[in-house]
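Here the structure is laid out as structure tokens; the discussion comes afterwards.
Only the coordinates and a few stated rules stand behind these numbers; no lab work does. Everything numeric here is computed off the predicted structure, so don't read it as measured data. So basically every Cβ, Gly included, is an ideal-geometry build from the backbone, and we count neighbours across all protein chains shown.
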Amino acid sequence: MKLLLSEFVQEWPAGWKLFTGQYFMSATIRVVVYIFLLTVAIFLAYRLYKSELVRARRELADYKTRMEELSRKLSLLEARSSNITESLVYAHRIQNALLPEVSLLTESFPESFILYLPKDIVSGDLYWFYKHGNRVILVVADCTGHGVPGALMSMIGHNLINSLIKENPDDSPGKILDRLDKMVGSLFPGGKPGDPGIKESMDISVCTVNVKDMTLEFSGAFSSVYYFSGDKLNELKGDKYILGMKPGEASYTTHRINVNRGEPVYLFTDGYADQFGGEENKKFMYRRLRYLLTTINRLPMSEQKIILKDTLENWKGTNDQIDDILVMGIRI
């Protein structure tokens with residue numbers, strides 16, 4: 001092994017000279033060859049660099065073109081979004097103009113509130129009230145959907161309720177819903193056979209309070225009303241007939257009770273109870289709403305509204321509002 005290594009070391013200089021051409025090329029020629037090879041290497045490296053530079057510039061130009069196109073589309077979307085938002089805001093103003101002034105409610109019930117929280121700019125929930133003689137008629141309704149479809153339905157519902165009740169102000173709540181059922185059914189017949197058509201409706205509560213004989217009448221379609229006798233919460237439940245699709249032989253029930261001065265009454269849609277939130281991200285549910293009302297019912301109505309709103313916000317947390325929310329409270 002040592003012999004082989006010593007032989008390799010002895011022969012290495014000769015091999016190197018043979019490899020580099022020192023045995024058959026002069027020093028000048030070798031320098032020229034080295035310069036040539038170096039020039040070729042530099043030239044190839046430059047060509048590769050230039051090719052990569054051209055490709056990078058091309059990709060940069062393509063990227064710039066795409067960014068300009070995306071920027072143009074973004075500007076177009078922003079303009080359209082702004083136009084839509086402006087239209088919704090104007091529609092909101094029209095919808096609010098149709099709703100009765102809260103001052104009309106406080107004229108009959110100084111202790112009262114309305115918690116009205118649309119999910120979107122416009123709402124599918126509506127409230128309405130009207131005084132006729134000794135009777136005050138209160139209506140809370142939740143129309144199909146929310147946003148634009150719900151708002152359109154709520155405006156239709158408002159006009160139907162306004163004309164129907166003012167033309168027949170002495171009707172009982174059940175009779176009002178029977179008439180309204182026929183009107184909604186004629187407007188949205190549900191389509192022809194084989195065609196689903198448009199099946200729009202509303203959950204609604206109609207309540208009349210006679211401030212002279214201290215009676216309350218209620219009728220509802222998939223809705224309820226809460227009222228207190230002392231500290232006991234009571235519930236009047238509406239019928240489970242879809243407005244506009246009620247069986248022909250059926251009628252909406254009118255519940256009639258006696259009430260006392262100072263007792264609170266609450267009408268509401270399902271948005272409050274259906275809101276998701278809490279530690280387990282579940283619905284608020286009606287049992288929590290009943291418990292909350294039981295704890296606050298003796299407070300001034302203005303404070304009750306604040307507590308209801310704050311409780312909802314705390315429950316909702318970072319969740320989005322899932323539906324329109326409407327709660328009306330009056331103290332007899």
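How large are Rg and Dmax for segment 59-140 when calculated on the C-alpha trace, in angstrom?
Cα-based Rg and Dmax for segment 59-140 come out at 23.0, 80 Å.
Mind jotting down the three principal axis lengths of the chain based on Cα atoms? Whole angstrom, largest first.
Reported extents, whole Å, longest axis first: 132, 49, 41.
Roughly what would the spin-label model give for N258 and K309, points 7 Å off Cα along C-beta, in nm?
3.8
May I ask you to evaluate 6.51 cos²θ - 1.76 cosθ + 1.60, the Karplus curve with θ = phi - 60°, for each residue of segment 295-307 and list the ³J(HN,Hα) values in order in whole Hz, giving x for glycine and proline?
Those phi angles translate into 7, 10, 4, 8, 6, x, 4, 5, 6, 4, 4, 5, 5 Hz.
Just want the ordering: Y49, Y241, from fewest to most Cβ atoms lying within 10 Å of their own Cβ. Intermediate results must be reported in sequence, preceding the final value.
Working: Y49 10, Y241 20.
The most exposed by this proxy come first: Y49, Y241.
Going by C-beta contacts inside 10 Å, put V148, V139 in order with the fewest on the left. Can you show the working numbers first?
Values: V148 16, V139 25.
Ascending Cβ contact count within 10 Å gives the list V148, V139.
Filter the GluC sites (Glu not before Pro) in segment 200-298 down to the DSSP loop ones having no more than 15 other Cβ atoms within 10 Å, then list what survives.
On the way: sites: E200, E217, E235, E249, E279, E280; in loops: E200, E249, E279, E280.
Of the GluC sites (Glu not before Pro), the ones in loops of segment 200-298 whose Cβ has at most 15 other Cβ atoms within 10 Å are E249, E279, E280.
Taking neighbour counts of Cβ atoms within 10 Å as a proxy for exposure, in what order, fewest first, do H92, H132 appear? Don't jump to the answer; show the numbers that get you there.
On the way: H92 16, H132 12.
Result, fewest neighbours first: H132, H92.
Per the helix-only calculation at 222 nm, which mean residue ellipticity applies to the chain, given -39500 (n - 2.57) for every DSSP H run of n ≥ 4 and division by its residues, nearest 500 deg cm²/dmol?
Numbers: 8 runs with 165 residues, N = 332.
Result for the chain, helices only: -17000 deg cm²/dmol.
Past 26 Å, Cα to Cα, is the threshold; run K131/K305; K119/K166; K182/K232 against it and keep the listed order.
Working: K131/K305 23 Å; K119/K166 30 Å; K182/K232 36 Å.
Checking Cα-Cα distances, K119/K166; K182/K232 exceed 26 Å.
Evaluate the distance, in nm, between pseudo-label points positioned 7 Å from the Cα of E107 and of R288 along their respective Cα→Cβ axes.
3.8
Indicate the gyration tensor shape class of segment 116-266 (rounded, prolate or oblate), computed on the Cα atoms with a ≥ b ≥ c the square roots of the eigenvalues: a/c under 1.5 is rounded; otherwise a/b larger than b/c is prolate and the rest oblate.
prolate
Given an 8 Å cut-off on Cα distances and at least 6 residues of separation, report the relative contact order of the chain as a percent. Write down the numbers at each step before the final one.
Values: 487 pairs, mean separation 56.1, N = 332.
Relative contact order, the chain: 17 percent.
How far is it, in nm, from the label point at N234 to the one at A61 when both lie 7 Å from their Cα along the line to the Cβ?
Distance between the two pseudo-spin positions: 8.4 nm.
Distance from a point 7 Å along Cα→Cβ of K131 to each backbone N in segment 148-187: keep the residues under 18 Å and list them by number.
166, 169-170
Please report the base-10 log of the normalised intensity I(q)/I(0) for segment 214-332, using a Debye sum with one equal scatterer per alpha carbon and no solvent, at each q in 0.17 (1/Å).
Here log10 of I(q) over I(0) equals -0.92.
Using Cα positions and a limit of under 28 Å, work out the lysines in reach of K64, with same-chain residues fewer than 8 apart set aside.
Cross-link targets: K50, K73.
Could you tell me which GluC sites (Glu not before Pro) in segment 93-155 are loop residues by DSSP with no more than 12 other beta carbons within 10 angstrom of their beta carbon? Show your work: numbers first, answer last.
Numbers: sites: E101, E107, E111; in loops: E101, E111.
Filter output for segment 93-155: E101.
So if each residue of separation counts as 0.36 nm, and I subtract the Cα-Cα distance between I35 and K212, what length gain in nm does that give?
On the way: separation 177, 0.36 × 177 = 63.72 nm, distance 11.66 nm.
Answer, rounded to one decimal: 52.1 nm.
Considering amide H positions built from the backbone, and no H for Pro or chain starts, which residues 5 or more places from E263, or on another chain, come under 5 Å of its amide H?
Here I332 satisfy the definition.
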